[in-house]
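All remarks here apply to the structure that follows.
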Amino acid sequence: MCTISLYHQLKQVLTQSGMDEREASAITLMLIEEKTGLSRTQILTSAATAHCADLLPLAQQVARGVPVQYVLGYAYFCGMKFRVTPSVLIPRPETEELVEWVISSVKRYGAEPRILDVGTGSGCIAITLAKRIPTAHVTALDISAEALQVARRNAEALHAEVRFQQLDILHQQPQGTYDLIVSNPPYVCESEKATMERNVLDHEPHLALFVPDASPLLFYEAIARQALTPLTPNGQLYFEINRQYGTALTTLLHSLGYTDIQLRRDHFGNDRMIQCTINN
Ligand SMILES: C[S@@+](CC[C@H](N)C(=O)[O-])C[C@H]1O[C@@H](n2cnc3c(N)ncnc32)[C@H](O)[C@@H]1O
């Protein structure tokens, strides 16, 4: 079948599931590009051919609500390709902004900063930091053995040097000394499930997403407390945050002795990240 006909056929599978035209077009092109190696222009204009049988089941999975990143098995983060499975959160663009913030401030710790990523998932934060600051010593931890397996594979594929460790940050203190600790921990309240997209709710790992309504700052408090010992004097903590809890988190960090607390908005204008310093 010629690729343009294939494009229209697969796109129709997606629009019939209720997806809007633009998204259906973008996802269809991604699927065909991935499986044929052709560029978008070649797919839409050339007389190239491709087998529908390979691609139809993939489009059908997307039509059933499986995120396209899980269907393809990868997602892009800071320009790099990360393997993703349903054991890890699909990396988000907001998190890229957090990583850029860390990179812009890390120079103060000299050529070999020691960095810890808590709740590494696919490894996207830790691996990007290791690639962008090649002299850094990066450690990454997660409670999930399956997530760590994915993160290790990503580090290998991307030739990044990261030390991985399985640890429950709610109950165990990380070993070692760090200049900077960064985390995008679970921060979605159970009650927010009602307003979430089904494809996130049904397919992304709940372990990576949710906290009880009664303790929305559960991970922030645990990490900020656990960080007091391993952080070096003037060490910094960086978090991605739930936009509703910027002020509450500022108060919490202040009460634990952190200073220079700065909130930052994401490109949608929501409070999305926080940075603070410890003067221990
Ligand atoms: C929001 S995801 C972030 C993943 C990745 N860092 C990113 O930004 O895409 C949170 C991660 O925290 C991990 N996690 C959940 N509970 C944890 C715990 N008690 N200790 C350590 N990690 C935990 C999850 O397995 C998940 O990978």
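Within segment 139-180, work out how many residues are of a type in the set (Gly, Ala, Ser), part of a loop (DSSP other than H, G, I, E, B) and more than 15 Å from the ligand (Cβ to nearest atom).
Number satisfying all stated conditions: 1.
Test residue 160 against the stated conditions and say whether it is among the hydrophobic types (A, V, I, L, M, F, W, C), at pLDDT 95 or above and not assigned by TED's automatic domain parsing to the domain that holds residue 203.
no
Provide a single number: the residues in segment 81-110 that are within 13 Å of the ligand (Cβ to nearest atom), of a type in the set (A, V, I, L, M, F, W, C) and either assigned to a helix (DSSP H, G or I) or under 16 Å from residue 155 (Cβ atoms) (or both).
Summing the residues that are within 13 Å of the ligand (Cβ to nearest atom), of a type in the set (A, V, I, L, M, F, W, C) and either assigned to a helix (DSSP H, G or I) or under 16 Å from residue 155 (Cβ atoms) (or both) in segment 81-110 gives 6.
Residue by residue through segment 13-22, note down the ones that are out of contact with any helix residue (DSSP H, G or I) (no Cβ under 7 Å at 6 or more places or on another chain) and surrounded by 14 or more Cβ atoms within 10 Å (Cβ to Cβ).
Result: 19, single match.
Among all residue pairs at least 6 apart or on different chains, which show Cβ distances below 6 Å where the first residue, located in segment 157-181, is more than 17 Å from residue 147 (Cβ to Cβ) and the second is of a type outside the set (Gly, Ala, Ser) and part of a helix (DSSP H, G or I)?
Pairs found: 173/226; 179/109.
Within segment 41-62, can one find any residue that is exposed (fewer than 15 other Cβ atoms within 10 Å of the Cβ), of a type in the set (Ser, Thr, Tyr) and either assigned to a helix (DSSP H, G or I) or within 27 Å of the chain's Cα centre (by Cα) (or both)?
Checking segment 41-62: at least one residue is exposed (fewer than 15 other Cβ atoms within 10 Å of the Cβ), of a type in the set (Ser, Thr, Tyr) and either assigned to a helix (DSSP H, G or I) or within 27 Å of the chain's Cα centre (by Cα) (or both).
Here is a list: 223, 274, 261. Which entry is assigned by TED's automatic domain parsing to the domain that holds residue 147 and in contact with a His (Cβ under 9 Å, 6 or more places away or on another chain)?
Only one candidate passes the filter, namely 261.
Tally the residues that are away from the ligand (no atom under 13 Å from the Cβ), farther than 30 Å from residue 109 by Cβ and in contact (Cβ under 8 Å) with a residue 12 or more places away in the chain, restricting the search to segment 189-232.
The qualifying residues number 10.
Could you check segment 190-280 for strands (runs of 3 or more DSSP E) lying wholly inside it with 3 or more residues that are of a type in the set (A, V, I, L, M, F, W, C)?
Of the strands (runs of 3 or more DSSP E) lying wholly inside segment 190-280, those with at least 3 residues that are of a type in the set (A, V, I, L, M, F, W, C) span 231-240, 271-278.
Given (1) in contact with a helix residue (DSSP H, G or I) (Cβ under 8 Å, 6 or more places away or on another chain); (2) closer than 30 Å to residue 153 by Cα, where does residue 52 come up short, assuming only one miss?
Among (1) in contact with a helix residue (DSSP H, G or I) (Cβ under 8 Å, 6 or more places away or on another chain); (2) closer than 30 Å to residue 153 by Cα, residue 52 violates only (2).
The values are calculated or read from the model by the stated rules, or taken from the named source; none is laboratory data. It should be emphasised that the depicted structure is a prediction, and the values quoted were computed from it without experimental measurement. Cβ: placed from backbone, ideal geometry, glycine included. Neighbour counts: every protein chain shown.
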